[in-house]
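The values are calculated or read from the model by the stated rules, or taken from the named source; none is laboratory data. What you see is a predicted model; the values in this text were computed from it and never measured. Cβ atoms come from the backbone with ideal geometry, glycine included; neighbour counts cover every protein chain shown. Accessible surface is based on the protein model in full, side chains and every heavy atom, while ligands, DNA and RNA are left aside. Shrake-Rupley method; radii C 1.70, N 1.55, O 1.52, S 1.80 Å.
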Amino acid sequence: MLGIFGIFGRSHEMQRFDQALRASGLHPRAVTDAVKLTTLKQLKEANGGTTPDLQAYASAANLLAYCVLGRQAFADFDDNGRTEAVEARLVAAIEAGRGLDARLVLLTLHAGLTHPGLIERYGLTAE
């Protein structure tokens with residue numbers, strides 16, 4: 001727990017998530033620790049209270065990176081063909097209005113991190 005606050009360094013979970021953000025094209029410093037901690041909590045809850053696997057970190061990081069960077073910047077960095085898949089997840093999250101992806105999209109919106117182009121394109125609002 002103390003690692004979270006930087007006293008003894010970053011926690012392993014935070015380090016893994018920072019690496020996943022980098023791999024998604026988003027510098028970890030572009031996302032506040034509060035958003036990262038909330039994301040990690042959401043991932044853990046979605047995983048039944050246990051530490052998520054690396055794929056879960058990567059999946060969350062891809063969605064956050066897409067929301068923060070916007071479609072064009074994410075697509076410019078994307079060398080793995082993830083853009084369409086992440087975009088489909090975003091649309092599904094908006095339509096469903098619940099679930100992990102919807103909570104992560106709402107988190108970026110509340111934190112003021114969502115790319116203005118996405119807000120306009122999808123008519124995103126925080127209610």
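Ellipticity at 222 nm from helices only: DSSP H runs of n ≥ 4 in the chain, each -39500 (n - 2.57), divided by the residue count, give -20500 deg cm²/dmol. The string of couplings for region 117-122 from the Karplus curve (6.51, -1.76, 1.60, θ = phi - 60°) is x, 6, 4, 5, 4, 9 Hz, one whole number per residue in order, with x for Gly and Pro. Take each peptide in 33-39, 57-63, 101-107, count the other Cβ atoms within 10 Å of every residue, and average; sorted highest first, the result is 57-63, 101-107, 33-39. How large, in percent, is the carbon and sulfur part of the accessible surface of the chain at a probe radius of 1.4 Å? The computed percentage sits at 54. Hey, what did the chain get for relative contact order, percent, Cα under 8 Å, at least 6 apart? Answer for the chain is 23 percent. Simple point charges give the picture: +1 on the Cβ of Lys and Arg, -1 on the Cβ of Asp and Glu, and for the chain a dipole about the Cα centre of about 320 debye.
For region 50-127, the ratio of Cα radius of gyration to the globular rule of thumb 2.2 N^0.38 Å stands at 1.04. Residues V31, V91, V68 ordered from highest to lowest accessible area at a 1.4 Å probe: V91, V68, V31.
Of the residues F77, F17, the one with the largest accessible area comes first in the ranking F77, F17, computed with a 1.4 Å probe on protein heavy atoms.
For L109, the accessible surface of its heavy atoms amounts to roughly 30 Å² (probe 1.4 Å, protein chains only, rounded to the nearest 10). Available extension along the chain between K44 and Q15 is 8.9 nm, counting 0.36 nm per residue and deducting the alpha carbon span. Between the helical axis of 12-23 and the longest alpha-carbon principal axis of the chain there is an angle of about 30 degrees. Within the full protein context, the accessible area of E13 is estimated at about 50 Å² for a probe radius of 1.4 Å.
When the charge dipole of the chain is built from unit charges on Cβ atoms (+1 for Lys and Arg, -1 for Asp and Glu) and taken about the Cα centre, the candidate among G123, L21, G81 whose Cα reaches farthest toward its positive end is L21.
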